[in-house]
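Since the structure comes first, as structure tokens, the remarks are kept for the end.
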Amino acid sequence: MVPFGPCRRRRPGTRTSFGRPSNGPVAKRWQLRELEPLWAAHQRRPLVEPFCGGLAVALGLMPATALLNDINPHVINFYGWLRRGLTISFAMLNDEAQYYRCRDRFNDLLLAGEKHTEEAAGLFYYLNRTGYNGLCPSCYVAICSYTSPNDVHWYS
């Protein structure tokens with residue numbers, strides 16, 4: 001079982017715990033320096049983010065209320081399970097063989113119509129943390145197949 005907590009860079013074959021839900025190269029964390037002064041005047045309002053992705057803005061600004069959305073059904077499933085207390089019951093190893101086993105299992109769940117399960121949410125998180133360049137390919141949503149290859153390091 002992997003609890004939610006700090007994430008650090010790990011060597012291949014080692015276990016990790018959760019870090020930020022998503023933290024790939026397209027994360028909006030770098031925008032926080034520009035957004036914080038703008039947000040200061042509007043803190044009493046809800047934050048509305050139509051494509052929340054990795055939640056970098058919401059977690060960085062920490063609004064009292066927020067309306068967060070995303071178009072990717074697997075991101076939505078992941079955050080739904082995260083809110084309910086997502087538990088990942090497999091060792092999150094940065095290992096190529098495990099990555100491809102998990103990718104195959106995720107694709108099997110999609111084909112079986114089980115994309116809204118806790119297992120699918122955990123596999124989605126793992127694949128996004130260990131996939132090539134930290135990217136989740138949008139093409140798999142249309143073809144029901146996750147296709148990114150394994151990457152050589154974790155993003156923290």
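Derivation of every value follows stated rules applied to the coordinates shown; laboratory data play no part. These numbers come from a predicted model, not from an experiment.
Structure above, values below:
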quantity: Kirkwood hydrodynamic radius (C-alpha pairs) into Stokes-Einstein, segment 29-68, 37 °C and 0.692 mPa s, D in µm²/s; calculated: 322
quantity: Segment 29-68 - percent relative contact order, Cα under 8 Å, separation 6 or more; calculated: 50
